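Read the structure below first, then the notes.
Here, each number is a calculation from the coordinates, and none is a lab measurement. Everything numeric here is computed off the predicted structure, so don't read it as measured data. Cβ coordinates were reconstructed from backbone atoms using ideal geometry, including for glycine residues, and neighbour counts include every protein chain displayed.
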Amino acid sequence: MLKQILDRLLVRATETVEPSFRTLAEDAGLDPGHDFIGASLRNLDFRDEDLRGFNFSNADLRGADFRRADVTGVAFDGAMLFGAIGLERPIGLWRPTILVVDDDPAIRDNLSVILSAGGYEVICFVDGAQLLPVARSITPACILLDVNIPGKSGLDILKELRGEDYPAPIFMISGQGDIAMAVSAIKNGALDFIEKPFRGGEILARLNEAIGAFARRQAENSATRIGSPHFPGREPLTRREREVLEQFASGASNKEAGRTLGISPRTIEDHRANIMKKLGARNAADLIRIVMQAQR
């Protein structure tokens, strides 16, 4: 039944008469007080809908459009609303979750205070073994993963989570960072690398920007919008490298690309260098020529 409703909503733009979400639910015999708990409703158009009394607890509503919708009494407890538009955040109804892994209790406590004050639910772990089952059972707003933790290293945990394909941004953090470590983290799917010590306000602003940018890219499917050009005989680009390449091909500077993608200009430079190496480009002009040839 739920699938039928969602199918109808996804094609509403082509219909002359647009039945409301509530009408579709009632026609299907669904009880709006229960049947949308934990539902996958990503990128749906709820504009102008009468949603009073609906329960979207733990639902995936990333990228959904709620402009002008009546959400009086709607429950969003535990819902994933990253990238959703048209909502004023109801205090106490939902708090996106950030997972923190660090063996230093002072760092865990500090991040908990900073991120909680910023509106996030924070779950802390001492090592990767504690993180893995939780990270595989929920989709957090992001993960902060220290490189040097007991047992398997943060880089090993990043590989186990398949960082490139994980449905939330992963940041590697370390007080002993170096260029080689940062490059390895980025190559294995980390969104960015954060060095200790860091200021509370700066890291909160950085995470907010990255989480928002990640959600927008997910909703817009920018990784596929680039057309996934094929480069015969070359090592394939990762999803994030394709995103960076799209920015570069559109003429964005490292700073502009970093702002759009929610990562630092230095990380953009690392991705760009790796892209040029994979595609055999000698310089920026050569890279543009290779891309243009691949898109013909």
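Listed by chain and number, the lysines whose alpha-carbon sits under 30 Å from that of residue 255, ignoring those within fewer than 8 places in the same chain, are 159, 187, 196, 277, 278.
Neighbour counts of other C-beta atoms within 10 Å: give me 108, 62 arranged from fewest to most.
Working: 108 19, 62 22.
Final ranking by Cβ density, sparse to dense: 108, 62.
What is the local net charge at residue 102, summed over the other residues whose Cβ is closer than 15 Å to its Cβ (Lys, Arg +1; Asp, Glu -1)? It works out to a net charge of -3.
Taking segment 97-217, how much of its Cα-Cα pair set, in percent, is spaced more than 18 angstrom apart? Roughly 45 percent, once rounded to a whole number.
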